[in-house]
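See structure below.
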Amino acid sequence: MRALKYFLVVIGLVVLAACASKFRTYNGPEVTQIYVLKSERKMYLMHHGDVLKSYDIDLGFAPAGDKVIEGDGRTPEGDYIIDRRNPNSDFHLSLGISYPNEQDIAEAEALGQDPGGDIFIHGRGPIYKRPGRDWTWGCIAVTDREMEDIYAMVRDGTPIRIMP
């Protein structure tokens, strides 16, 4: 009888651990494009012309205008792709954005500056649970739970358009 109780407790813990995973699955329509409207603080996951999901977002700490140089606190504007994933992000999970592109590099070089990099869509992670508005260094932030869904839905190579 004691062995049976032990077995049931172990099975229960395994089931709970599986439920707590930050890695979700998605079997719906393909996300063919991501649109970010900075002025509205919204991000849309699209399947062709249909909105699959929309999210309220936080941006860089100086959100007005296009990112030009490293450390300016702005979120880039333009057309990019999702080019990498980080399952071990300090911000729960993250999807890399292909910033800087050739134009971004040229603009920064014309100023004698570095354009920066490491721009992501990410969660909040343990440190930034209640960060306030527009707190990143130029990234796009959502809640951890939302990031779990986005991470499952969006594939590498997905285009992202970030608009003012």
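Residue 67 passes every criterion in (1) under 23 Å from residue 124 (Cβ atoms); (2) of a type in the set (D, E, K, R); (3) assigned to a strand (DSSP E or B) apart from (3). Being more than 18 Å from residue 22 (Cα to Cα) and in contact with a helix residue (DSSP H, G or I) (Cβ under 8 Å, 6 or more places away or on another chain): is that true of residue 104 here? No; evaluated as a whole, the condition is false for this residue. Listed by first and then second residue, the pairs linking a residue in region 39-51 that is modelled with pLDDT of 95 or more to a residue that is of a type in the set (Lys, Arg) and in a strand (DSSP E or B), with Cβ atoms under 8 Å apart and 6 or more places separating them unless they lie on different chains, are 44/53; 45/53. Filtering region 31-64 to residues that are open to solvent by 20 Å² or more (accessible area, probe 1.4 Å), assigned to a loop (DSSP other than H, G, I, E, B), farther than 21 Å from residue 133 by Cβ and not hydroxyl-bearing (Ser, Thr, Tyr) leaves 48, 49.
Of all residues in region 87-126, those being open to solvent by 60 Å² or more (accessible area, probe 1.4 Å), in a loop (DSSP other than H, G, I, E, B) and closer than 17 Å to residue 72 by Cα number 5. Only one of the listed residues (83, 72, 79, 66) is touching a Gly at 6+ places or on another chain (Cβ under 7 Å) and of a type in the set (D, E, K, R). That residue is 83. Selection of region 136-152 for residues being open to solvent by 40 Å² or more (accessible area, probe 1.4 Å) and in a loop (DSSP other than H, G, I, E, B) yields 137, 143.
Conditions tested, residue by residue: (1) touching a Phe, Trp or Tyr at 6+ places or on another chain (Cβ under 7 Å); (2) over 25 Å from residue 22 (Cβ atoms).
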{"site": "54", "(1), (2)": "yes, no"}
{"site": "60", "(1), (2)": "yes, no"}
{"site": "73", "(1), (2)": "yes, yes"}
{"site": "113", "(1), (2)": "no, yes"}
{"site": "125", "(1), (2)": "yes, no"}
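Identify all residues within region 70-86 that are assigned to a strand (DSSP E or B) and either farther than 20 Å from residue 157 by Cβ or in contact (Cβ under 8 Å) with a residue 60 or more places away in the chain (or both); write none if there are none. 78, 79, 80, 81, 82, 83, 84, 85, listed by residue number.
The values are calculated or read from the model by the stated rules, or taken from the named source; none is laboratory data. Just so it is clear, the model here is predicted, and its values are computed rather than measured. Quick reminder, even Gly has a Cβ in these numbers, built from the backbone with ideal geometry, and neighbours come from all protein chains shown. The area values use the complete protein model at the heavy-atom level, side chains included, leaving out ligands, DNA and RNA. Shrake-Rupley method; radii C 1.70, N 1.55, O 1.52, S 1.80 Å.
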